[in-house]
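Here's the structure, in C-alpha cells; my notes come after.
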Amino acid sequence: MKHEKKESLYFNSEMSWLAFNERVYAASQNALYPILERTRFLGIAANNLDEFYMVRLGRLYKTHQLKQNRKSVDGLAMDQLMPIVKNRAMEQIAHHVQQWRSLRKELGTHSVNIISPKELSEEDKKWLEDYFIKNIFPVLTPMAIDPAHPVPQIPSRGISMVVQLQDKDQMSPVYAFIPLPMGLDRFIQLHGEEDRYIFIEQVITLFLHKLFSNHIILAQGLFRLIRNAEMSLQYSTSDFRMDFEEALAQRLNGEVVQLAVNARMPEHLRLYVTEQFDVNPNDMLVIDGVLGINDVQQLVSICGKKELLFPDFIPRTPQRIRNNNDDIFEAVKIKDIVVHHPYESFEVILMFLKQAAKDKNVISIKQTLYRTGDNSPVVAALIDAAKAGKSVTALVEIRARFDEEANIKWTKDLEQAGVHVIYGIVGLKTHAKLCLIVRKEAGGLKTYTHFGTGNYNAKTARVYTDLSLLTADPKLCYEAACIFNYMTGYSRIDKFDDVGVAPFTLRANLLELIENEIKFAKNGMPAVVWAKMNSLTDPTLIDALYKASNAGVKIFLIVRGMCCLRPGIPKFSENISVKSIVGRFLEHARIFCFGNGDLLPSTTAKVFISSADWMPRNLDTRLELMVNISNQTVHQQILQQIMFANLNDTANSWKLMPDGTYTPLFRELDDFDAHQFFIHNTSLSGSGMGPYPVTPNLISFERES
C-alpha cells in the first residue's frame, strides 16, 4: 500500500468526536421527532459537550501545559490542534443557544411556555415572591469576597451569580458570589392551569435585593465554569479506595477549562471573574442566551404532556423464559439466549440475579460492576445474596468516570453485607461485563454466565441498545471462571478458545480474524467484515482494515461515535463503507462478524459480541471481553436480525464521506427504522416455540453499499 502522506489516511479523534456530537444536535432539529424529544436531544448534545471540555479538552490542556507537543494520529501538533478544536466546540455552543430559542418558540405552539420576567403579571410576581421566600431563599448562600472570605469553591457545571455591592456606610464596592444549589430544579412551574415555566436564575435576579438588604446592588451577572475532570491517581497507600477518594477531592479544584458568562454581565465584572478563577480573558465565552443548555432536559421530565414524547412501548420478556415459568436457569439450560435491550427488558438480568439470591441451590455469585446508577437493583440483589449465605464476589470498578462517588458508596454497602469486594485491577480499568453463578444440580455443580455489551444499569438499559448473552455452555463458563480468577488472584490469562481478553489476546484475535479474510480474498473466495461499535480510533486495526480493503475484502462498519478511519479512498479504502446511527436509542452494542470464506450472512460466519470498542484504551489499558457466538439460534439472531436491521437502517443513519463529513441517509418517506423494527418484532433466540421474526431484506443496504 502506498500513499503520499500517511497522516492523510486518518481523521483526528477530537474532531471526529465533535462531528458525532453534531449528529446528536441534528436530532434536535429533526421535525419528525416530537418536540420534547428534540428538546431532550439538545440537552444531551450540550451535556456531551460539557464532558468533552472536562475530559478530552482537559487532557489536551494538560498535555499542552506540559509542553508535550506530540502529534496526533492525523499529524497535527498540539499547538495546531488546540485552536481548531476550541473553535469548533465554541461553534457548537453558539448553535445550541440558537436552537434553544427556536425550540422555545415551538414549545409555545404546544402550550408549553417558557416565559421571561417581563411577561410576568403582578399576580405572578406575588406568587413567585412567596415561592422564593419559602423554597429558594433558605438554600442560597451569598459568599462575600474579602480577606476574611476567600474565593469559594464553585462547583463545575453549576450556575453562579456574581454581584457588585455598595455598603451605605463604606466608599469602596464589595463583591459576592452566589452559587445556585445543584439540587434545585432549573425550571419553576408557575401557578395556574397553563404549562408556564421560568428559569430559577431569573427568579433569583428578581428578588436579589432580599439577600442584600443593607447594600445597593451596583452590577450583577451569571457565569458557569467547567473544570478539568482528569485525575492523577497515586497509589500511595495500601488502600485503593482511599487513594481514589483523595483523587476525587482533588478534582473539585481542577483548573477551569471553560468560563461562560451571560452577555448582560458588565465588562468589569467579567474581568473580575476571570481574575478570581485564573482564566485567560481570551478563553472566556460570552453567551447571549441561556447558560447551561444541558439543563433543558429537566423540562422533559416535569412537563406532563406525553403526546409531545415518543410513544411508550413495553419491553418484552423473551418467550422462552415465559414458557419456563420465568425460571431463568431452566430457560438457559435448554440453550443460550441473547437479550436485546431495550426492546427486551433488563428485568431479565435482574431476574437472573434475584433468582440466584433466593435459590437455595446457588452457592456462588461473581459479578463485575462498572456503571450501576443510583439505587441499583443489581447491587441490592448481590447484598440479598450475601445475606442469604451465598459466596458473593464483586469487582467494582471505582474509576468509571463520573460514577466514582456512587461506586465507592456501593463498595461500602456491599462490604457491610459480607460481599468480597475488589476495587479494580492496578494498571487496568475493568470494563468487562460479566456475571458467573454456580448452582448445585443433579449430577454436580453447574455454572451459568452472563456476558454483556452494556452496563449493569437498569436506568440506562431503557435507552441504550445492548446485548446480554445468558449461557450455560461449559466452555464459555470455564473461561469466564478463569477470567474471574485473574481478577481476584494471580492467575494468568492464556489464549482461550471462545473468549478474547484485552489487553492480553483481544487485539491479536481481531488482527487474526481480519488477516483470515485477507487470505480468503487472495484465494478468490468471498471475504466480508461487518462490525458495529461505538468508536474506531486504533491505528493498528485501522491499518489492518486498509490492508484488507486493498486485498478486496468488503467491509461494512457501523460506528456510532468517533471514527478515525477514512473510507472510500480509491485504491486504498474503496471497499470500506462507514455509517453512524443516531436515533431514539443510543447504539451501544459491539458486534463483530467475519465471513469466514462465505458471503454474509452465513451459518459458518464467525460472530462475536464484545464490551470493547476498537480504541487503544480498550485494547491496551482495560480489561475487556470478546465472546464467540457458537449457538446457532443466537448466531442467526445477531447476524440476520440485529446486524441486518442496522445495516438496512436509513431513518437514523449518516454515511461517513472520504472528506470526514457525514451525509444523512434519511429521506422521510420510505426509510427503514431499525429502532421501530425491534420495538415491534420479537427476538429469535428467546422466541420459544413461537414464530421467528421477519428479517428485513437487503435492498437499502445494497443501495448504500
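May I ask you to sort 401, 320, 196 by Cβ crowding, counting other Cβ atoms within 10 Å and putting the fewest first?
Starting with the residue having the fewest Cβ neighbours, the order is 401, 196, 320.
What would the Debye formula give as log10 I(q)/I(0) at q = 0.26 Å⁻¹ for the alpha-carbon point model of the stretch 152-219, no solvent?
-1.17
What relative contact order, as a whole-number percentage, does the stretch 319-488 give when Cα pairs under 8 Å and 6 or more residues apart are counted?
Contact order relative to length: 28 percent.
Which lysines have a Cα less than 18 Å from the Cα of residue 433, not counting those fewer than 8 places away in the same chain?
Counting by Cα, and skipping residues close in sequence, residue 433 has these lysines nearby: 354, 366, 459, 475, 532.
In whole angstrom, how long is each semi-axis of the equivalent ellipsoid of the stretch 368-517, when you take the square root of 5 times every eigenvalue of its Cα gyration tensor and sort them from largest down?
25, 20, 16
Output ³J(HN,Hα) for the stretch 172-181: one whole-Hz value per residue in order, computed from phi by the Karplus curve 6.51 cos²θ - 1.76 cosθ + 1.60 with θ = phi - 60°, and x for Gly and Pro.
So the Karplus estimates, Gly and Pro as x, are 7, x, 10, 10, 8, 10, 10, x, 6, x Hz.
Counting other beta carbons within 10 Å of each Cβ, put 223, 556 in order, fewest first.
Listing 223, 556 from fewest to most nearby Cβ atoms yields 556, 223.
For a protection proxy built on the mean count of beta-carbon atoms within 10 angstrom, sort 352-359, 451-458 highest first, please.
Put in order of decreasing packing, that is 451-458, 352-359.
Quick one: which residues, 5 or more positions from residue 10 or on another chain, have an amide H under 5 Å from its amide H? H modelled 1.01 Å from N in the peptide plane, none for Pro or chain starts.
Answer set, sorted by chain and number: none.
Looking at the chain, send over the antiparallel percent of its DSSP beta bridges, to the nearest 5.
For the chain, the DSSP antiparallel bridge percentage is about 70.
If you rank 663, 488, 274 by fewest surrounding Cβ atoms within 10 Å, what's the result?
663, 488, 274
Could you tell me the center-to-center distance, by alpha carbons, between the stretch 148-205 and the stretch 483-500 in angstrom?
54 Å
Given 0.36 nm per residue, what is the gain on full extension from residue 32 to residue 324 after removing their alpha carbon distance, in nm?
101.1 nm
Give me the percent relative contact order of the chain, please, defined on Cα pairs under 8 angstrom at least 6 residues apart.
Contact order relative to length: 11 percent.
Hey, what number do you get for the chain at 222 nm if only DSSP H runs of n ≥ 4 count, each worth -39500 (n - 2.57), divided across all residues, to the nearest 500?
Rounded to the nearest 500, the figure is -10000 deg cm²/dmol.
Label point 7 Å out from residue 278 along Cα-to-Cβ: which residues of the stretch 115-153 have amide N under 19 Å?
Backbone N within reach: 146-147, 149-153.
Could you pull out every one of the aspartates and glutamates with an alpha carbon less than 14 Å from that of residue 522, ignoring same-chain neighbours closer than 8 positions?
Leaving aside aspartates and glutamates fewer than 8 places away in the same chain, those within reach of residue 522 are 598.
Values in this text are rule-based calculations from the coordinates and carry no lab data. Given the structure is predicted, the values throughout are model-derived calculations rather than measurements. All Cβ positions, glycine included, derive from the backbone under ideal geometry; neighbour counts span all protein chains shown.
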